[in-house]
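One structure below.
The values are calculated or read from the model by the stated rules, or taken from the named source; none is laboratory data. Every value quoted in this text rests on a predicted model; they were computed, and no experiment measured them. Don't worry about glycine lacking a Cβ; one is built from the backbone with ideal geometry, like all the others, and counts go over all protein chains shown.
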Amino acid sequence: MIERAVVVGAGLIGTSIALALRRHGTEVGLADRDPAALRLACDLGAGTALDPGRARRPADVAVIAAPPAAIPAVLRDAQDRGLAHVYTDVASVKADVVEEAGALGCDLATYVPGHPMGGSEKQGPSAARADLFLGRSWALCPTGKADRVAVAVVTELARLCGANPLTIDARAHDRAVALVSHAPHVASSAVAARLLDGDDTALALTGQGVRDVTRIAGGDPGMWLEILRHNAVPVAEVLDAVAADLAAAAAALRDEGGAAGRVVDLLSRGRRGHDSIPGKHGAERTPAYAVLPVVIPDEPNALGRLFAAAGEAGINIEDIRIDHSPGLPVGVAQLSVVPEAADELARALAEQGWSVHP
């Protein structure tokens with residue numbers, strides 16, 4: 001269904017989509033206001049730069065990979081130029097974008113708003129990956145005016161990128177991402193901001209826990225401000241609830257007599273919330289894997305050799321986390337495997353000389 005595509009915006013998301021489509025042989029034309037970003041995306045093999053002076057037949061689909069505020073105008077311009085038969089976007093907010101697109105006179109029959117739930121705290125085409133959306137959800141928010149063929153084309157686009165398309169109302173989408181994406185980014189930033197008060201001794205004690213909690217705080221503040229402005233009320237409601245939980249925990253910790261019950265309640269609800277996150281292949285919850293720590297040297301192909309050893313043992317590594325050892329040329333690979341395979345993997349790795357700590 002998708003032989004030719006146009007991607008307007010050669011940043012992280014746009015370039016990653018283009019790279020994924022190129023894997024399937026789709027011809028991709030790229031456009032971006034930043035000539036350097038466009039050249040880099042083309043050099044990475046994401047496609048070829050569109051020649052604005054050369055008239056071509058419309059592509060099967062055009063992807064608008066621009067900031068939320070810019071999408072309606074870019075969409076209208078693309079439709080006026082006849083760039084494609086079907087159009088979509090990748091903004092992480094939908095209701096405002098759809099409303100503004102309609103007010104600007106965009107053709108909503110050929111436009112299917114979208115949001116791939118994949119990304120990175122890094123920006124630009126240099127961080128793009130063809131597998132960025134592999135196994136991720138891809139929200140589709142067609143309006144009541146959307147043509148069924150347009151919906152089918154954008155659904156196929158998501159699948160070609162390795163994602164799982166999920167149709168959802170635009171406002172329901174915005175409430176959902178406020179809970180699972182936007183408010184968590186603000187909360188992560190709040191924790192990371194406290195680190196500015198830490199001295200060198202405190203920061204030297206930084207472990208994997210705080211790295212995990214603050215990873216997404218490394219995102220671009222300007223980009224995130226625009227996202228939050230377009231989804232302000234739903235995000236504020238989630239932050240109010242989080243702030244209330246934190247305030248209650250702080251008050252409980254100051255009250256020695258009543259601390260335990262209230263703090264344990266928050267920690268217990270937090271654990272249940274964590275366990276409710278879907279696991280691999282859309283399972284209702286993350287399985288209880290056994291974790292096998294293995295010391296690995298900080299050298300080329302160390303992970304490759306470790307994975308090869310597990311493969312020779314016929315055991316699938318379900319997940320991995322690497323804990324780095326500050327100041328030392330080693331790290332610890334935390335291998336998640338099904339519980340019944342843990343002992344067998346430990347033996348197999350130890351026989352090949354790996355330092356295993358079951």
Which one is farthest from the chain's Cα centre (by Cα), of the residues in the stretch 210-249 that are at pLDDT below 90 and not in a helix (DSSP H, G or I)? Asp220
Given (1) surrounded by 19 or more Cβ atoms within 10 Å (Cβ to Cβ); (2) over 30 Å from Pro35 (Cβ atoms); (3) of a type in the set (S, T, N, Q), number of the condition Asn164 does not satisfy: (1)
Can you name the number of the only condition in (1) out of contact with any helix residue (DSSP H, G or I) (no Cβ under 6 Å at 6 or more places or on another chain); (2) within 22 Å of His115 (Cα to Cα) that Ala204 fails? (2)
Filter result for Ala252 (among the small types (Gly, Ala, Ser) and within 30 Å of the chain's Cα centre (by Cα)): no
Among (1) in a strand (DSSP E or B); (2) loosely packed, with under 15 Cβ neighbours inside 10 Å, where does Asn316 come up short? (1)
Subset of the stretch 148-161, residues surrounded by 15 or more Cβ atoms within 10 Å (Cβ to Cβ) and either not charged (D, E, K, R) or not assigned by TED's automatic domain parsing to the domain that holds Gly118 (or both), comes to Ala150, Val151, Val153, Val154, Thr155, Leu157, Ala158, Leu160, Cys161
Spot the failing condition for Ala139; the list is (1) out of contact with any Leu (no Cβ under 9 Å at 6 or more places or on another chain); (2) touching a residue at least 12 places away in the same chain (Cβ under 8 Å); (3) not in a loop (DSSP other than H, G, I, E, B), and only one is missed. (1)
Those residues that are surrounded by 20 or more Cβ atoms within 10 Å (Cβ to Cβ) and among the hydrophobic types (A, V, I, L, M, F, W, C), I need them from the stretch 109-135; list them, please. Val112, Ala128, Ala130, Leu132, Phe133
Got at least one residue in the stretch 60-78 being farther than 21 Å from Gly119 by Cα, of a type in the set (A, V, I, L, M, F, W, C), touching an Asp or Glu at 6+ places or on another chain (Cβ under 8 Å) and not in a loop (DSSP other than H, G, I, E, B)? yes
If we take the stretch 143-203, then helices (runs of 4 or more DSSP H) inside it with 2 or more residues that are small (Gly, Ala, Ser), modelled with pLDDT of 95 or more and farther than 30 Å from Thr26 by Cβ are 183-194
Looking only at the stretch 84-101, count how many residues are surrounded by fewer than 20 Cβ atoms within 10 Å (Cβ to Cβ) and free of Cβ contacts under 8 Å to residues at least 40 places away in the same chain. 2
By residue number, the members of the stretch 45-62 that are surrounded by 18 or more Cβ atoms within 10 Å (Cβ to Cβ) and touching a Leu at 6+ places or on another chain (Cβ under 7 Å) are Ala46, Gly47, Leu50, Ala59, Val61, Ala62
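Going through Asp131, Asp107 one at a time, which residue ends up being modelled with pLDDT under 95 and farther than 19 Å from Gly222 by Cα?
Numbers: Asp107 fails: modelled with pLDDT under 95.
Going through Asp131, Asp107 in turn, just one is modelled with pLDDT under 95 and farther than 19 Å from Gly222 by Cα: Asp131.
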